[in-house]
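Single-structure report; data block below.
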């Protein structure tokens, strides 16, 4: 079964216009004008728009996780990048790598997540 995308005009729930504005820019229909302002060819939000309750849940979870500072936020992003890479989710992996760079993680440390058990950046001393 293939789940289709929801265009801006078909997104009848009030949560979706704000979500689309935030991710794609004001008044853009991401099913027509593809991609995010940073160039990612995203279909994630247009597909989960089929379930506005899921969008609310994702937004709430993001707010709760983004509230954390320092080590918590870094660990959250490290976990997300590793999980996205392991599952082959290229778009989400790319987005969370950007967040890690904003948190001053080096490109070498981000790349090391692919083989974290053997990376010098993640080896435990004990």
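The values are calculated or read from the model by the stated rules, or taken from the named source; none is laboratory data. Note that the structure is a prediction, hence the values are computed from the model and not measured. Backbone-built Cβ (ideal geometry, glycine too); neighbour counts: all protein chains shown.
Of the residues contained in region 44-67, none is found to be at pLDDT below 80, assigned to a loop (DSSP other than H, G, I, E, B) and touching a helix residue (DSSP H, G or I) at 6+ places or on another chain (Cβ under 9 Å). Which of the residues belonging to region 99-126 are closer than 24 Å to residue 35 by Cβ and surrounded by 15 or more Cβ atoms within 10 Å (Cβ to Cβ)? Answer for region 99-126, where residues must be closer than 24 Å to residue 35 by Cβ and surrounded by 15 or more Cβ atoms within 10 Å (Cβ to Cβ): 99, 100, 110.
Annotation: of all residues in region 1-37 being on the phi > 0 side of the Ramachandran plot and within 19 Å of the chain's Cα centre (by Cα), the one that is modelled with the highest pLDDT is 25.
Could you please give the count of residues in region 13-33 that are loosely packed, with under 11 Cβ neighbours inside 10 Å and more than 14 Å from residue 56 (Cα to Cα)?
Going residue by residue through region 13-33, those that are loosely packed, with under 11 Cβ neighbours inside 10 Å are 14, 26-27, 32.
Narrowing further to those that are more than 14 Å from residue 56 (Cα to Cα): 26-27, 32.
Result for region 13-33: 3.
Could we say that residue 76 is surrounded by fewer than 14 Cβ atoms within 10 Å (Cβ to Cβ) and either in contact with a strand residue (DSSP E or B) (Cβ under 6 Å, 6 or more places away or on another chain) or at pLDDT 80 or above (or both) here? No.
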